[in-house]
1. Pick from 11, 70, 31: which residue has the top mean-square fluctuation in a GNM of the chain where Cα pairs under 10 Å get a spring?
2. Calculate how steeply helix 47-60 sits against the longest principal axis of the alpha-carbon atoms of the chain, using the helix alpha-carbon long axis, and give the answer as 0 to 90 degrees to the nearest 10.
3. At 222 nm, what value in deg cm²/dmol follows for the chain if DSSP H runs of at least 4 each add -39500 (n - 2.57) and the sum is divided by all its residues, to the nearest 500?
4. Which one, 32, 14, 62, has the greatest fluctuation when you compute a Gaussian network model over the chain with C-alpha springs under 10 angstrom?
5. Enumerate the residues in segment 24-46 having an amide nitrogen under 11 Å from the point lying 7 Å beyond the Cα of residue 59 toward its Cβ.
6. Between 0 and 90 degrees, rounded to the nearest ten: what's the tilt of helix 2-17 against the longest Cα principal axis of the chain?
7. For the chain, would you read off the P(r) tail past 19 Å as a percentage of all alpha carbon pairs?
């Protein structure tokens, strides 16, 4: 997590150079496990939603979340997207 905090600190320094507010006052990171465009809740009603929740519950309780490798960070600012590979 120290590496991610370092990246946020660098972004904050750049924002300060332009007299802008820092990105985060107290950074908190997250991982998206599933995502889709639009509201698909109606299509997931019934057994589909239950199956998806079961998969998520099993993953959430597994050791797989204790540590994982992040190879790149995706950032979106306005209408521009950036992919930052990590070394």
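Each value in this text was obtained by applying a stated rule to the coordinates, not by laboratory testing. All values reported here derive from a predicted model rather than from experimental measurement. Cβ placement follows ideal geometry from the backbone for every residue including glycine, while neighbour counts extend to all protein chains displayed.
1. Of 11, 70, 31, the most mobile in the Gaussian network model is 31.
2. 50 degrees
3. Theoretical 222 nm ellipticity from helices: -11500 deg cm²/dmol.
4. Checking each option, the largest mean-square fluctuation is seen for 32.
5. Residues 31-35 fall inside that zone.
6. 50 degrees
7. Tail fraction, whole percent: 59.
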